[in-house]
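Please read the structure below before turning to the comments.
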Amino acid sequence: MAAAVMPVYEPLTTDLHYYYILELSFYWSLMFSQFTDIKRKDFGIMFLHHLVSILLITFSYVNNMARVGTLVLCLHDSADALLEAAKMANYAKFQKMCDLLFVMFAMVFITTRLGIFPLWVLNTTLFESWEIVGPYPSWWVFNLLLLLIQGLNCFWSYLIVKIACKAVSKGKVSKDDRSDIESSSDEEDSEPPGKNPHATTTNGTGGTNGYLLTGPCSMDD
């Protein structure tokens, strides 16, 4: 399996080249936009994630490890569409749809990042490749970055499970535990009649960040 995932030399097709450019530009945009986005408790962890992702994409491209790199990217992108759909359902006040999409997101997230990624990709890059080609300087750097990504996956999986447990007890997806300033559905439900539930918050400069604070399905990857 290792030879099929991580050979020493493998051709880089035009499609893979543009896929890498697209992913790299996306993570660079997240790196910069994080400083103007809503401040969250896990700002440092998100910054670390973006930095490690950029290093992994660049390192795998330069070292001709595009095959394993694309596998890692596809696995980690697979749950994002469901998360964004859950956010839109939440903003549109479709609570049941939001709950369903969040459950689907949680299942895909945990399956891919705590199941497929460590049992297939990490097993190949750490153990099977060691037996075939042995360790070399790039091997150590690449696998260290992959292990950092897996540690972050475990952290976010914990948060997702925590939100899911609250959803079971409350009957709906609860507030994103990472944020100190985003309001939850519970806070909106407790507001007096006539008050606008889509209140914005200031970013400390007298203006607004331009976000509607509805918050239940606001997990970011």
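The values are calculated or read from the model by the stated rules, or taken from the named source; none is laboratory data. In this text, all values refer to a predicted model and were calculated from it rather than measured experimentally. Please note: Cβ atoms are built from the backbone with ideal geometry, for glycine as well, and neighbour counts cover all protein chains shown. Ligands, DNA and RNA are excluded from the accessible area calculation, which covers all protein heavy atoms including side chains. Shrake-Rupley method; radii C 1.70, N 1.55, O 1.52, S 1.80 Å.
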Return a yes/no flag: does region 109-118 have any residue that is within 16 Å of ARG40 (Cβ to Cβ), at pLDDT 50 or above and aliphatic (A, V, I, L, M). no
Looking at (1) over 19 Å from the mean Cα position of the chain (by Cα); (2) open to solvent by 70 Å² or more (accessible area, probe 1.4 Å); (3) among the aromatic types (Phe, Trp, Tyr), which is the one condition that is false for TYR158? (1)
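Among LYS93, LYS87, which is of a type in the set (Lys, Arg) and either touching a Gly at 6+ places or on another chain (Cβ under 8 Å) or closer than 17 Å to ILE163 by Cβ (or both)? Steps first, please.
Values: LYS93 fails: either touching a Gly at 6+ places or on another chain (Cβ under 8 Å) or closer than 17 Å to ILE163 by Cβ (or both).
LYS87 is the lone residue from the list that is of a type in the set (Lys, Arg) and either touching a Gly at 6+ places or on another chain (Cβ under 8 Å) or closer than 17 Å to ILE163 by Cβ (or both).
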Against the conditions (1) among the hydrophobic types (A, V, I, L, M, F, W, C); (2) crowded, with 19+ Cβ neighbours inside 10 Å; (3) closer than 24 Å to LEU22 by Cα, where does LEU48 fall short? Just the number, please. (2)
Of all residues in region 59-73 being among the hydrophobic types (A, V, I, L, M, F, W, C) and closer than 12 Å to LEU16 by Cα, the one that is most open to solvent (accessible area, probe 1.4 Å): LEU71
Could we say that LEU126 is closer than 24 Å to ILE45 by Cβ and either among the polar types (S, T, N, Q) or at pLDDT below 95 (or both) here? yes
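For region 74-145, give me every one of the helices (runs of 4 or more DSSP H) that falls completely inside it and has 1 or more residues that are within 17 Å of LEU159 (Cα to Cα). Explain how you work it out, then say what you get.
Details: elements: 80-91, 95-111, 129-132.
Qualifying helices (runs of 4 or more DSSP H): 80-91, 95-111.
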Scan region 164-174 and give yes if some residue there is surrounded by 17 or more Cβ atoms within 10 Å (Cβ to Cβ), within 25 Å of TYR20 (Cα to Cα) and not polar (S, T, N, Q), otherwise no. no
Within region 95-128, of all residues that are under 13 Å from VAL72 (Cα atoms) and hydroxyl-bearing (Ser, Thr, Tyr), the one surrounded by the most Cβ atoms within 10 Å (Cβ to Cβ) is THR125
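Answer yes or no: is there a residue in region 62-81 that is more than 30 Å from PRO11 (Cβ to Cβ) and either within 20 Å of the chain's Cα centre (by Cα) or at pLDDT 90 or above (or both). Give the derivation first.
Residues of region 62-81 more than 30 Å from PRO11 (Cβ to Cβ): none.
Among the residues of region 62-81, not one is more than 30 Å from PRO11 (Cβ to Cβ) and either within 20 Å of the chain's Cα centre (by Cα) or at pLDDT 90 or above (or both), which makes the answer no.
Would you check if THR36 is open to solvent by 50 Å² or more (accessible area, probe 1.4 Å) and either β-branched (Val, Ile, Thr) or farther than 27 Å from VAL121 by Cα (or both)?
Numbers: open to solvent by 50 Å² or more (accessible area, probe 1.4 Å): yes; either β-branched (Val, Ile, Thr) or farther than 27 Å from VAL121 by Cα (or both): yes.
Taking the combined requirement at face value, the residue satisfies it.
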